[in-house]
Amino acid sequence: MKISRIISVILLVTCCSLFYVCQQTQIVKLSYKKQEKLRLSRQLLDQNMFLRYNLMSLASSGNLTKHLSTFEANYEIPHFSQIIDLRDANAKRKLELTSLSRQRAQELSVKNRQSIFLSLFSPKSQAQAQTK
Amino acid sequence: MYIRKHHFRFYAVVFSFLAFLFLLVLRLFFIQCFRSDYLTELAEKQHNFYTELEPVRGTIFDRDLKSLSYNIAADSLYAVPSEIEDKIYLADELEAILGLEKDFLLNRLRRKKSFIWLARKVSRQQVEDINELDVKGLGFIRESKRCYPNNELASHVLGFVGLDNNGLEGLELKYDKYLKGEPGWCESIKDAKQRPLFMSDKFIPPRDGYDLVLTIDQEIQFIAEYELDKAYRKSKAVGAIIVVMNPQTGAILAMANRPTFDPNDKAVESEARRNRAITDYFEPGSVFKIVTASAALEENAVSEEDKFFCENGKYKVGNHILRDHKPHGWLSFTEVISESSNIGVTKIAQLLGAETVYKYAKLFGFNSFTGIELPGEVKGVLRPPKTWSKTSIGAIPIGQEVCVTAIQLANMISIIANGGVLYKPYIVGKIVDKTGEIINEFAPKKLRRVISQETSRRMKNILAQVVAEGTGRRANLANFRVAGKTGTAQKVENGRYSNSKFIATFLGFAPLDNPRIAVVVIVDEPKGTHYGGTVSAPVFKKVVNKVLKYLQVSRGIEMARER
């Protein structure tokens, strides 16, 4: 009995230790994976950074002029009347269409109402009803 | 007997095992109780390490929040010399990739150190080429590199940084403590192969640098630099300066110099890096007559219709003969300024007296620092009247024997434009953190009233005449009324005024009724034609024309969006 008790205690301790070691191993494995993900995310962020910089550089007026300077491009600011704000124009157009469709719908509904009224009480319908 | 012998052996073995066990326990006890601290520390040194976390340097924006500076990641190459087997081969390969001298590389690779830098912040292409070599003992450390996407644009204002991202010039230097931030650090654990595993709880995040929002407008800066560059190249000048200011507030909208430099390129001559608008002073010539004329009107010493005899182009002052560029007879006060008669202005100055002229020159801000937030400003030269010679009354009022900077001239014309008030010129609008919260905001600062509004109005009309009918005709605009003044100053060479070296200046503002911009254009030693009215006035005209269109356009778009 004593021996079996000792053995069971030893087994229990061993299992707990193994469980703990397994846990630690998993944590270390996860940290390796995390490092790899961090490396990838950093790579992507760096690429994003470079692309943004390239965009800024290409959009720079000075750099554009340098590229165009091979043929004397005389840079002129347009007059205010020459500028059309497309973003606003689209929004305006949508608004117009919406209001147009609402107006149309209203007109149609009025017309429908009128036609129902007319169909019931117009002289023609009265005449048709009376003949039947 | 036999059994006794067995018992003896049995107990001997047990005893030896127990003794061994006892020694082990003793050893464990010794390690655990007496050596634990030392061994823990040793273990921590082996598998813990501290990393400094570099903060991101603050960005510099223009007033519309367009980036003028930017940070990108850059790898720096290091080597562990003891791990490199074939140093000569490596030096050969790196010479071709990095463009560094082979001797320099070999010298570094042969050092008896565990870590040496080979090249800092190399390009991505170079990193790829070096990785392809697959040499043991080389590695990269990621750092941050400061870049300027617009290259030369506003380079003198922005300045540049050194290898360790410390500001060395311009705003990068002046606001370095705001831009650089504070580094953080963290404790990390590494494995047996020295690969980092994870961070511990000990972590202090870095505080990123604050961002600067300038008063500079990138588009106005581009317009100013574009036109200045054309004039600089065409006239084959030694240097050129342009300053565009909002006269109502003192905000600098553009500031540029030629020669210029690209802050992305570290190997630049110091001559090109100088911000001449604030570091160089020069004799302004006829543009200084604005001070004399304003003083005369403010003191009610003259009126616009008063006549002055301009001695047909020759007038003796002390023992010096003063000449006009064109002989004149009788001119009204307005005509004296519009035709830029030296003799006429000298006579006005003689009416006022040296003390009054000096007093107004000081009021206009000459011989004082403007206080602009850029390093290296000089205050110019203006001698007090007690040190004036007999000829000084014929020199200082017309812009000789006095030295001014371009920014002081911009202040002067802004005073006339805004109704007579001197504002402190400023270039940084606000300082914000990464979340957009304002750390510090700089409002226009009124320093003092220099002349009355009435005097300012009268001066505006006179300066409008300069452009409409006087020496500044080439600055005339079709769509806006403009006011300005020309200046052509002889440079001093070997103690005498040169007949071949001039400084051509034009300064002015527009529109006349509600000035929105004041512009100063200075061309140093133009070849061929050298007058302010012919060299600098056309630059002023083109810049003002384009900038006002841009401001109207941008204002129009803003109004449309509000609608």
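Coordinate-derived values only; no laboratory data. Given the structure is predicted, the values throughout are model-derived calculations rather than measurements. No Cβ is skipped: glycine too gets one built from the backbone with ideal geometry, and neighbour counts run over all protein chains shown.
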Report summary line: So, over other residues within a Cβ distance under 11 Å of B:Thr435, counting Lys, Arg +1 and Asp, Glu -1, the net charge is -3
Query raised in the report: Which number comes out as Rg/Rh for the protein assembly as shown once both Rg and the Kirkwood Rh are worked out on C-alpha atoms?
Result: 1.24
Query raised in the report: For the cross-link pairs A:Lys37/B:Lys193; B:Lys145/B:Lys542; B:Lys289/B:Lys501; A:Lys37/B:Lys113, which exceed 25 Å when the distance is taken from alpha carbon to alpha carbon?
Result: B:Lys145/B:Lys542; A:Lys37/B:Lys113
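Find how much the distance from B:Lys230 to B:Ala192 grows on full extension, using 0.36 nm per residue of separation minus their present alpha carbon separation; answer in nm with one decimal.
On the way: separation 38, 0.36 × 38 = 13.68 nm, distance 6.33 nm.
The B:Lys230-B:Ala192 span can extend by a further 7.4 nm.
What trypsin sites (Lys or Arg not before Pro) does the range B:17-47 have in DSSP loop regions with at most 16 other beta carbons within 10 Å?
Details: sites: B:Arg27, B:Arg35, B:Lys45; in loops: B:Arg35.
Taking the range B:17-47 and a limit of 16 other Cβ atoms within 10 Å, the loop trypsin sites (Lys or Arg not before Pro) found are B:Arg35.
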Requested in this report: With the cut-off at 14 Å, report for the range B:72-147 the share of all Cα pairs above it, as a whole percent.
Outcome: 57 percent
Query raised in the report: HN-Hα J couplings of the range B:171-187 from phi, Karplus 6.51/-1.76/1.60, θ = phi - 60°, integer Hz, Gly and Pro as x?
Result: 5, 4, 7, 5, 10, 4, 5, 7, 6, 7, x, 10, x, x, 8, 8, 9
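How many Cβ atoms of partner chains, on average, are near each residue of B:540-548 if near means within 10 Å of its Cβ?
Per-residue shielding by partner chains comes out at 1.
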**Report entry** Angle between chain B longest axis and helix B:354-363 axis [Cα atoms, degrees, rounded to 10]
**Finding:** 40 degrees
Query raised in the report: What is the spin-label model distance, in nm, from A:Leu11 to B:Glu132 if the labels are put 7 Å beyond Cα along the C-beta direction?
Result: 6.3 nm
Requested in this report: Distance between Cα centroids, the range B:285-339 to the range B:51-100: provide it in whole Å.
Outcome: 62 Å
Report summary line: Residues whose built amide H sits under 5 Å from the amide H of B:Asn367, excluding neighbours closer than 5 in sequence, are B:Val381
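For the cross-link pairs A:Lys66/B:Lys180; A:Lys66/B:Lys485; A:Lys29/B:Lys190; B:Lys66/B:Lys485; B:Lys121/B:Lys174; B:Lys460/B:Lys527, which exceed 22 Å when the distance is taken from alpha carbon to alpha carbon? Each step should come with its number before you reach the end.
Numbers: A:Lys66/B:Lys180 32 Å; A:Lys66/B:Lys485 32 Å; A:Lys29/B:Lys190 13 Å; B:Lys66/B:Lys485 34 Å; B:Lys121/B:Lys174 24 Å; B:Lys460/B:Lys527 31 Å.
Cα-Cα > 22 Å for A:Lys66/B:Lys180; A:Lys66/B:Lys485; B:Lys66/B:Lys485; B:Lys121/B:Lys174; B:Lys460/B:Lys527; rest within.
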Report summary line: Here, chain B modelled as identical Cα point scatterers in vacuum has Debye log10 I(q)/I(0) at q = 0.08, 0.10, 0.13 Å⁻¹ of -0.66, -0.88, -1.23
Query raised in the report: Per residue of B:145-158, what is the mean number of Cβ atoms on other protein chains within 10 angstrom of that residue's Cβ?
Result: 3
Query raised in the report: Can you give the extra length, in nm with one decimal, that the chain gains between B:Leu351 and B:Arg110 once fully stretched, where that is 0.36 nm per residue apart less the Cα-Cα distance?
Result: 78.9 nm
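Find the all-direction average of the projected area of the Cα convex hull for the range B:363-417, expressing the result in square nanometres with one decimal place. Let's see the in-between values first.
Working: hull surface 17.3 nm².
If I average the Cα hull's projected area over directions, I get 4.3 nm².
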Report summary line: Distance in nm between B:Val492 and B:Tyr11 label points, each 7 Å along Cα→Cβ, equals 11.6 nm
Query raised in the report: Could you give the distance between the Cα centres of the range B:392-411 and the range B:121-154, to the whole Å?
Result: 49 Å
Query raised in the report: How far, in degrees from 0 to 90, does helix B:453-468 lean away from the longest principal axis of the Cα atoms of chain B, to the nearest 10?
Result: 80 degrees
Report task. Treat each spin label as a single point 7 Å out from the Cα along the C-beta direction, and report the A:Ser81 to B:Phe442 distance in nm. Result -> 4.0 nm
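In nm, what is the difference between 0.36 nm times the number of residues separating B:Glu271 and B:Val25 and their Cα-Cα distance?
On the way: separation 246, 0.36 × 246 = 88.56 nm, distance 7.77 nm.
That pair, B:Glu271 and B:Val25, stretches by 80.8 nm at full extension.
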Query raised in the report: Relative to the longest principal Cα axis of chain B, at what angle does helix B:342-352 sit, 0 to 90 degrees, rounded to 10?
Result: 90 degrees
Query raised in the report: Which order do B:Ser123, B:Ser76 fall in if you start with the one that has the fewest other Cβ atoms within 10 Å?
Result: B:Ser123, B:Ser76
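Mind checking A:57-65 for the average number of partner chain beta-carbons within 10 Å of each residue's beta-carbon?
Details: counts 7, 1, 3, 10, 9, 12, 5, 1, 4.
What the average comes to for A:57-65 is 6.
Using only DSSP helix segments of four residues or longer, with each worth -39500 (n - 2.57), what per-residue ellipticity at 222 nm results for chain B after dividing by its residue count and rounding to 500? List each step's numbers first, then the result.
Values: 18 runs with 204 residues, N = 563.
Dividing the helical sum by the residues of chain B leaves -11000 deg cm²/dmol.
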